[in-house]
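K.L.:
I'd like to ask some things about the structure below.
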Amino acid sequence: MEIKKVVVIGSGTMGSGIAAHLCNANIPVTLLDLKTEISEQARDKIHKSRPPLLLDKSKINNIKVGNIVDNFDEVKEADWVVEAVVERIDIKHDIYEKIFKDRKKGAIVSSNTSSIPIKVLSQHLSEEEKKDFCITHFFNPVRYMGLLEIVKNENNDLDKINSLKKFCEIELGKGAIVCNDTPGFLGNRIGVFAMQVAMTEAFKMNLSIEEADAIFGRPMGIPKTGIFGLYDLIGIDLMTDVLKSFIKELPETDMFHEVAKEVPLVKKLIETGYTGRKGKGGFYRVNKSNGKKVMEALNLETGEYSPTKKIILKVDKVDLKSLIERDDKYGKYAWSVISKIIKYASSLVPEITKEFNDIDEAMRLGFNWTKGPFEMLDEIGVANFFDKIEDYKGNKFLENLAQSKNESFYGERQKYTDIETLGKVKKTASSIDGNSSASIYRFKDYNIVEFTTKANALDYDSMDALQKATDKPLIIINESMQFSAGVNLSYIMDFADRGEFKSVEKFIRYFQETCKNLKYSDHPVVAAPSGLTLGGGFEVLVHSNFVASHTNIVIGLVETMVGLIPAGGGCKEMLARWLQTDEAKNDPHYAPLKVFDIIGYGKTATSPIEAEPMKYLRPEDKKIMNRNSLLEVSKKILEENRDFKSPAETTFNLPGKAVKDEMVKLLDKLYNEKIILDHGLKVATELANVLSGGDTSMDKALSEDDLFKLELDAFMKLIETKETQDRIKYTLSTGKPLVN
């Protein structure tokens, strides 16, 4: 069936998020609640949301609002009705009675519940109505979280379920995984269990919360929040309610009961208002000491707070084998947590899904893990795992694996989708090349480069991989959350701290050479960004010949925030794009001033629609809702450009001093108004020199190399200053900009 119109009932966080994302997909949607004013307020919140739920604010016009008394007739026109009201079964049953009385024949009706089974939700429905009823469990925030669990049972019309799955995958860009009607479905069942294991094992092994969070985080391929930080983020009281729901629904024989027992310290935190970030604090709190804010951590034994301690693990990458082999408390904790997660997840196959692969993908899409439980087992190795594991009696999956000893048990990835994803294709590469910062997957007709550093920050090795991979048509794409957060500032500061500025200069030159090589390669280069595409990451993109961008990107040149200017050709390419405008052809000052404003303020866009007016992206660049489709679209671009010829080099005619004087006047005003301070003025002045063309005039043509040199000279002047180094160090330690 075709879905052309949707009604969402319930305008809370989830209902509003679902309605907003339907707007992003240009699907007409009506948002209903008890009163029209409530829906109007929700509409206003969507419009103002940060991070933005809409790809573009104008998308809000796709939402109609109303109330369930005066506007319920909207249901009669809907092809899909999504219920997203409070988790009270009596209220839901009343809503379903009204929906099924008025709905269009054959329209799909679904609930966004995260915990109530279909058999309970649908107990008053007729057999015919049950065919069209399912659960569509979106994850929050709906725009950004890839996972959608479509929960079915034996009553469903499977053709209709598959039709809904296809719509949500193609139109909404979701990783739509169909699963069985079991408590917590896929993601929450495993994710909440993993959280509880990480917490209870920390208590048992007398780890500090900082130590537990340091392990149950990036070293395990899990977001850096860690377990106690995540508890605070979700809300300690809310997590307690979630656990009660699982305890109520799951049989006493389920391993979940072992890790879900009430913890006296947690109970005390809730009773005293320490419910996490929304309360007075939680496992962490911000306290004032000597007039300064200090982050404090709770001692799990004494219940007292003290300033947080940084835990140095010396772990740069996810390496589970090395992690669990550590002969210290960190290694023991990692093995205890990982082994229990693997045991629990494998015990649920085929109960919650016949494809164990789906559990891994649910953890990737819904919890941002880089590896699910079975991928963890695959990386550790079957023989190694069974050498270390103790009891797995009654676990059919592990018993069969122990018997077969099949080290290649994992097979194909991402079975939930027919799309030719990066995850699937990587396993079919004819050879793998690369280094510690990037992998090169070589195929017959093209190459793929995937960055592999933390946040895919760029260094010398990243450039090496890009240089080597241009011997064939190239796709630059990553499976991790970010395309690239930019140049590795720690890498730069290591040189700066030792006074090795010649090494910094050598790296920036190589970065420039690499970007130029991408642009003028004999073979086409496609960049396929998703997530952060900032600074040097943007410079890689802007020198690629073609772009296929995911709709969820944060893109821009933000170097001025850390006291630098773009030096990998970002200034040059932004000038080139703005010089092509009609305004620039009539006014030689227009393009330099426009780019000065964009780069000077470090402006970013949070979607391709926002990126186009700033010319970070072009109208011809592809914009893709489903992240899984980036590779397919990129390959299609290569196929369509078999006769590719590299572009002609750009030349620049810039006004020089005339436009620089205008820029300096703007800076003087900002400085006098204390909007920028001393070093901000210096950084912006160096940027003005680059964008004006330096010592030039309109009758003199500058080459790309001339612009590269201006960028490099400005960069080196700034990196050698203490003030820029202070900015970089502050940002590296706090994640925030320093104004000096």
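K.L.:
Scan (i) 43; (ii) 53; (iii) 49 for the value of percent of Cα pairs over 36 Å apart calculated from this model and give just the label.
P.N.:
Computing percent of Cα pairs over 36 Å apart and matching it to (i) 43; (ii) 53; (iii) 49 gives (iii).
K.L.:
With only Lys, Arg, Asp and Glu charged, each at its Cβ (+1 for the first two, -1 for the last two), find how big the charge dipole of the range 671-740 is about the Cα centre; round to the nearest 20 debye.
P.N.:
So the dipole magnitude of the range 671-740 works out to roughly 460 debye.
K.L.:
Using +1 on the beta carbon of Lys and Arg, -1 on that of Asp and Glu, and nothing else charged, what's the dipole of the chain about the Cα centre, debye to 20?
P.N.:
860 debye
K.L.:
By average Cβ neighbour count within 10 Å, what is the ranking of 238-247, 402-411, 690-699, 564-573 from highest down?
P.N.:
Values: 238-247: 17.2, 402-411: 11.9, 690-699: 18.7, 564-573: 27.2.
Per-residue mean Cβ counts within 10 Å order the peptides as 564-573, 690-699, 238-247, 402-411.
K.L.:
Which angle between 0 and 90 degrees, to the nearest 10, do you get for helix 236-249 versus the longest principal axis of the chain when only C-alpha atoms count?
P.N.:
Relative to the chain, helix 236-249 is tipped by roughly 40 degrees.
K.L.:
Give the residue from L564, Y441, I637 lying farthest towards the positive end of the charge dipole for the chain; charges sit on Cβ (+1 for Lys and Arg, -1 for Asp and Glu) and the dipole is referred to the Cα centre.
P.N.:
Towards the positive end, the residue furthest out is L564.
K.L.:
While we're on this one: At what distance in angstrom do the alpha carbon centres of the range 547-619 and the range 366-384 lie from each other?
P.N.:
40 Å
K.L.:
While we're here: Would you calculate the volume per residue, in Å³, of the smallest convex hull containing every Cα atom of the range 54-185?
P.N.:
115 Å³
K.L.:
Under a Cβ-only charge scheme (Lys and Arg +1, Asp and Glu -1), can you give me the dipole magnitude of the range 6-180 about the Cα centre, in debye to the nearest 20? Kindly include the intermediate steps, with their values, before the conclusion.
P.N.:
Working: 25 positive and 26 negative charges, 108 e Å.
Here the range 6-180 has a charge dipole of around 520 debye.
K.L.:
Right, next: Could you tally the net charge around K224, taking each other residue with its Cβ under 11 Å from the Cβ of K224, Lys/Arg +1 and Asp/Glu -1?
P.N.:
Its environment carries a net charge of +1.
K.L.:
In addition: Using only alpha carbon positions, build the gyration tensor of the range 162-298, then give the equivalent ellipsoid semi-axes as the square roots of 5 times its eigenvalues, largest first, whole angstrom.
P.N.:
One finds semi-axes of 31, 20, 15 Å for the range 162-298.
K.L.:
So, one more: If packing is taken as the average count of other Cβ atoms within 10 Å, what order do 287-298, 724-735, 505-516 fall into, highest mean first?
P.N.:
Packing proxy ranking, top to bottom: 505-516, 724-735, 287-298.
K.L.:
Relative contact order of the range 1-112, please, whole-number percent, based on alpha carbon pairs below 8 angstrom and at least 6 residues apart.
P.N.:
Dividing the mean separation by the residue count of the range 1-112 yields 31 percent.
K.L.:
Peptides 12-22, 321-331, 371-381: what's the order by average Cβ count within 10 Å, highest mean first?
P.N.:
Working: 12-22: 24.2, 321-331: 14.8, 371-381: 21.5.
Averaged packing, sorted descending, gives the order 12-22, 371-381, 321-331.
K.L.:
Could you tell me how far the Cα centroid of the range 458-512 sits from the Cα centroid of the range 205-267, in Å?
P.N.:
Their Cα centres are 38 Å away from one another.
K.L.:
Which of the listed residues, T533, Y144, T302, is farthest toward the dipole's positive end in the chain, when Lys, Arg count +1 and Asp, Glu count -1 at the beta-carbon?
P.N.:
After comparing all options, I get T302.
K.L.:
Could you tell me which residue out of T650, F708, M1 lies farthest along the dipole of the chain toward its positive end? Charges go on the beta carbon: Lys and Arg +1, Asp and Glu -1, centred on the Cα centre.
P.N.:
F708
K.L.:
Something else now. Relative contact order for the range 570-647: what percent, with Cα pairs under 8 Å and sequence separation of 6 or more? Mind showing how you got there, number by number?
P.N.:
On the way: 28 pairs, mean separation 16.1, N = 78.
So the answer I get is 21 percent.
K.L.:
Same structure again: Under a 5 Å amide H to amide H cut-off, with H placed in plane at 1.01 Å, what residues pair with K623 once short-range neighbours are removed?
P.N.:
S549
K.L.:
While we're here: Over the chain, what is the relative contact order in percent, taking alpha-carbon pairs closer than 8 angstrom and at least six residues apart?
P.N.:
8 percent
K.L.:
Explain nothing, just compute: Karplus ³J(HN,Hα) = 6.51 cos²θ - 1.76 cosθ + 1.60, θ = phi - 60°, for every residue of the range 503-513 in order, whole Hz, x for Gly and Pro.
P.N.:
With the stated coefficients, the range 503-513 comes to 5, 4, 4, 4, 5, 4, 4, 5, 4, 4, 4 Hz.
K.L.:
Once each part is reduced to its C-alpha centroid, what is the distance from the range 144-195 to the range 405-442 in angstrom?
P.N.:
Here the two parts' Cα centres lie 24 Å apart.
K.L.:
Separate question: Assign one of three labels to the range 446-525, namely rounded, prolate or oblate, based on the Cα gyration tensor with a ≥ b ≥ c the square roots of its eigenvalues; rounded applies when a/c is under 1.5, prolate when it is not and a/b is larger than b/c, and oblate otherwise.
P.N.:
Taking the square roots of the gyration eigenvalues as a ≥ b ≥ c, the range 446-525 is oblate.
Any read-out appearing in this document is the output of simple, stated calculations on the displayed coordinates, not a laboratory observation. In this text the structure is predicted, and so the values were computed from the model without any measurement. Virtual Cβ from ideal backbone geometry, glycine too; neighbours counted across all protein chains shown.
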